[in-house]
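*Asks:* Just passing along the structure, written as structure tokens.
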Amino acid sequence: MSASTTPIIRQVRAFTVRGGGADYHDQAGGHWIDDHIATPMSKYPEYRQSRQTFGLNVLGTLVVEIEASDGSIGFAVTTGGDIGAWIVEKHLARFIEGQRVTDIEKMWDQMFNGSLFYGRKGIVLNAISGVDLALWDLLGKVRGEPVFHLLGGPVRDELQFYATGARPDLAKQMGFIGGKLPLRHAPAEGEEGLRKNLALLADMRERVGPDFWLMYDCWMSLDVNYATRLALGAQELGLKWIEEALPPDDYWGYAELRRNVPKGMLVTTGEHEATRWGFRMLLDMGCCDILQPDVGWCGGITELVKISALADAHNALVVPHGSSVYSYHFVVTRHNSPFAEFLMMAPKADEVVPMFNPLLLDEPVPVNGRLKVPDRPGFGVRLNPDCALSRPHTH
Ligand SMILES: C[C@H](O)[C@H](O)CC(=O)C(=O)O
Ligand SMILES: [Mg+2]
């Protein structure tokens with residue numbers, strides 16, 4: 001592809017869709033992912049039982065489609081819904097249309113700097129991530145190569161996974177290397193809650209035996225004192241890591257927690273962090289052992305490459321949060337990403353279903369906890385035509 005034959009981007013389109021998909025918290029009732037999970041809102045009893053009651057699923061899924069002059073179409077999905085679609089159509093599209101499909105670095109820089117006055121993190125970075133991932137998908141399709149080739153090629157033949165969900169015991173039977181439980185009780189539920197958290201872990205340890213990894217995902221719900229006591233209590237139960245124990249802005253608290261936890265127990269965080277600057281704070285301040293950027297929220301693949309290089313120089317691992325194929329194509333190319341997360345989206349966490357179910361076709365899933373990333377062009381997935389997309393804004 002010479003400069004003169006490189007396709008030009010013709011149009012950017014943003015759609016929304018409800019019900020699962022990239023907004024994996026947007027599930028029907030009775031799902032483990034909305035059953036009394038500790039959150040920063042747990043101090044309000046009325047918001048304790050269900051995260052949907054405080055609006056965890058308000059956003060919905062954002063689908064970004066980018067069409068090039070040769071007719072190729074790249075797309076990506078992330079969390080962002082209507083507001084994300086507005087940002088893409090009304091603001092970010094101007095930096096993309098008319099550009100060469102190859103010039104992703106420049107487009108990313110313009111999207112980020114052009115939105116800096118109200119952006120930096122959160123929904124704007126979700127939207128930038130969605131556009132970025134659609135650009136990588138498009139480039140892969142134009143070149144007829146999978147994204148992992150464009151990122152330097154695989155460093156291993158297949159990925160191995162741990163599972164996140166309510167049933168690590170079943171995850172073990174399904175071949176995963178570990179199971180990450182959602183923490184159920186927050187500090188507002190007192191000492192009894194802490195005892196219940198430890199009892200659930202003890203029960204799981206009993207079921208899975210001594211060697212299977214067990215982790216606790218605390219979803220920003222704790223303070224340093226509670227997290228330290230949880231970690232100390234969980235030591236004899238072999239807790240491998242304590243995840244996202246504190247609010248994402250409490251870099252100082254994370255640094256203190258990392259000093260407090262028993263030797264060998266890992267502190268992990270980052271799924272609600274964004275950009276190389278946010279992750280630089282986590283690394284410089286010694287906040288954690290494993291960074292967990294979400295590829296659809298941290299700035300996309302373009303930014304993740306930079307976050308990963310920074311982490312490597314700090315001897316930190318990068319194990320992306322969820323993000324399905326967007327994570328798989330990255331993890332397979334990096335030595336400091338030795339395994340990947342699989343979010344169990346079956347309501348009872350008792351079977352493997354695609355993470356972004358039902359939105360994508362050809363979305364690969366681990367078998368016996370392992371997966372060879374398919375080498376189809378781009379990210380190798382298609383939009384499911386049965387999912388009704390709507391385009392709430394145009395430009
Ligand atoms: C289970 C957690 O509360 C959350 O829904 C997912 C997550 O944080 C993770 O997969 O990590
Ligand atoms: Mg998490």
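The values are calculated or read from the model by the stated rules, or taken from the named source; none is laboratory data. Predicted model only: the values in this text are computed from it and were never measured. Cβ placement follows ideal geometry from the backbone for every residue including glycine, while neighbour counts extend to all protein chains displayed.
*Asks:* Give me the residue from region 232-283 that is basic (Lys, Arg) and farther than 24 Å from Phe112 by Cα and, out of that set, surrounded by the fewest Cβ atoms within 10 Å (Cβ to Cβ). Give the derivation first.
*Replies:* Step one: of region 232-283, the residues basic (Lys, Arg) are 240, 258-259, 263, 276, 280.
This time we only want the ones that are farther than 24 Å from Phe112 by Cα, so: 240, 258-259, 263.
Numbers: Lys240: 19, Arg258: 19, Arg259: 11, Lys263: 5.
By that ranking, first place goes to Lys263.
*Asks:* Does region 38-53 hold any residues that are more than 14 Å from Ala188 (Cβ to Cβ) and away from ligand 2 (no atom under 16 Å from the Cβ), and which are they?
*Replies:* First pass over region 38-53, keeping only residues more than 14 Å from Ala188 (Cβ to Cβ): 50-53.
Within region 38-53, Ser50, Gln52, Thr53 qualify.
*Asks:* Moving on to the next point. So for region 150-162 (the condition being more than 21 Å from Pro374 (Cα to Cα) and either outside any strand (DSSP E or B) or within 16 Å of ligand 2 (Cβ to nearest atom) (or both)), does at least one residue qualify? First the steps, then the outcome.
*Replies:* To start, the set of residues in region 150-162 that are more than 21 Å from Pro374 (Cα to Cα) comprises none.
Taking every residue of region 150-162 in turn, none turns out to be more than 21 Å from Pro374 (Cα to Cα) and either outside any strand (DSSP E or B) or within 16 Å of ligand 2 (Cβ to nearest atom) (or both).
*Asks:* Given the conditions (1) closer than 29 Å to Asp350 by Cβ; (2) in contact (Cβ under 8 Å) with a residue 60 or more places away in the chain; (3) among the aliphatic types (A, V, I, L, M), and given that Met41 satisfies all but one, which numbered condition is not satisfied?
*Replies:* The number of the failed condition is (2).
*Asks:* What residue, among those in region 256-276 that are touching a residue at least 40 places away in the same chain (Cβ under 8 Å) and out of contact with any Cys (no Cβ under 8 Å at 6 or more places or on another chain), is nearest to ligand 2 (Cβ to nearest atom)?
*Replies:* By that ranking, first place goes to Glu271.
*Asks:* Can you find a residue that is outside the structural domain of Val224 (by TED's automatic domain parsing), hydrophobic (A, V, I, L, M, F, W, C), within 12 Å of ligand 1 (Cβ to nearest atom) and in contact with a Gly (Cβ under 9 Å, 6 or more places away or on another chain) anywhere in region 35-45? Break it down into steps so the answer makes sense when it comes.
*Replies:* Initially, region 35-45 is screened for residues outside the structural domain of Val224 (by TED's automatic domain parsing), giving 35-45.
With hydrophobic (A, V, I, L, M, F, W, C) added as a condition, the list becomes 37-38, 41.
Still in the list and also within 12 Å of ligand 1 (Cβ to nearest atom): 37-38.
Narrowing further to those that are in contact with a Gly (Cβ under 9 Å, 6 or more places away or on another chain): 38.
Looking through region 35-45, at least one residue is outside the structural domain of Val224 (by TED's automatic domain parsing), hydrophobic (A, V, I, L, M, F, W, C), within 12 Å of ligand 1 (Cβ to nearest atom) and in contact with a Gly (Cβ under 9 Å, 6 or more places away or on another chain).
*Asks:* When Gly175 is evaluated against the numbered criteria (1) in a loop (DSSP other than H, G, I, E, B); (2) touching a Gly at 6+ places or on another chain (Cβ under 6 Å); (3) within 16 Å of ligand 2 (Cβ to nearest atom), which criterion, by number, is the only one it fails?
*Replies:* (3)
*Asks:* Can you name the residue in region 214-225 that is surrounded by 20 or more Cβ atoms within 10 Å (Cβ to Cβ) and over 16 Å from His272 (Cβ atoms) and, of all such residues, is farthest from ligand 2 (Cβ to nearest atom)?
*Replies:* Leu214
*Asks:* Among the candidates Arg167, Arg195, Arg205, Arg184, which residue alone is within 16 Å of ligand 2 (Cβ to nearest atom), surrounded by fewer than 23 Cβ atoms within 10 Å (Cβ to Cβ) and at pLDDT 95 or above?
*Replies:* Details: Arg167 fails: within 16 Å of ligand 2 (Cβ to nearest atom); Arg195 fails: within 16 Å of ligand 2 (Cβ to nearest atom); Arg205 fails: within 16 Å of ligand 2 (Cβ to nearest atom).
Being within 16 Å of ligand 2 (Cβ to nearest atom), surrounded by fewer than 23 Cβ atoms within 10 Å (Cβ to Cβ) and at pLDDT 95 or above holds for just one of Arg167, Arg195, Arg205, Arg184, which is Arg184.
*Asks:* If you don't mind, there's one more thing I want to ask. Here is a check on your reading of the model: is Glu363 in the same structural domain as Leu159 (by TED's automatic domain parsing), in a loop (DSSP other than H, G, I, E, B) and of a type outside the set (A, V, I, L, M, F, W, C)?
*Replies:* Details: in the same structural domain as Leu159 (by TED's automatic domain parsing): yes; in a loop (DSSP other than H, G, I, E, B): yes; of a type outside the set (A, V, I, L, M, F, W, C): yes.
Against the criterion (in the same structural domain as Leu159 (by TED's automatic domain parsing), in a loop (DSSP other than H, G, I, E, B) and of a type outside the set (A, V, I, L, M, F, W, C)), Glu363 qualifies.
*Asks:* List the residue pairs whose Cβ atoms are under 6 Å apart, where the first residue sits in region 227-252 and is within 16 Å of ligand 1 (Cβ to nearest atom), the second is polar (S, T, N, Q) and not in a loop (DSSP other than H, G, I, E, B), and the two are 6 or more positions apart or on different chains.
*Replies:* Here the result reads Trp241/Thr268; Glu243/Thr268; Glu244/Thr269, each pair linking region 227-252 to a residue that is polar (S, T, N, Q) and not in a loop (DSSP other than H, G, I, E, B).
*Asks:* In contact with a His (Cβ under 9 Å, 6 or more places away or on another chain) and hydrophobic (A, V, I, L, M, F, W, C): which single residue out of Ala134, Ala166, Ala93, Ala76 fits that description? Spell out how you get there, then give the answer.
*Replies:* Values: Ala134 fails: in contact with a His (Cβ under 9 Å, 6 or more places away or on another chain); Ala166 fails: in contact with a His (Cβ under 9 Å, 6 or more places away or on another chain); Ala76 fails: in contact with a His (Cβ under 9 Å, 6 or more places away or on another chain).
Among Ala134, Ala166, Ala93, Ala76, only Ala93 is in contact with a His (Cβ under 9 Å, 6 or more places away or on another chain) and hydrophobic (A, V, I, L, M, F, W, C).
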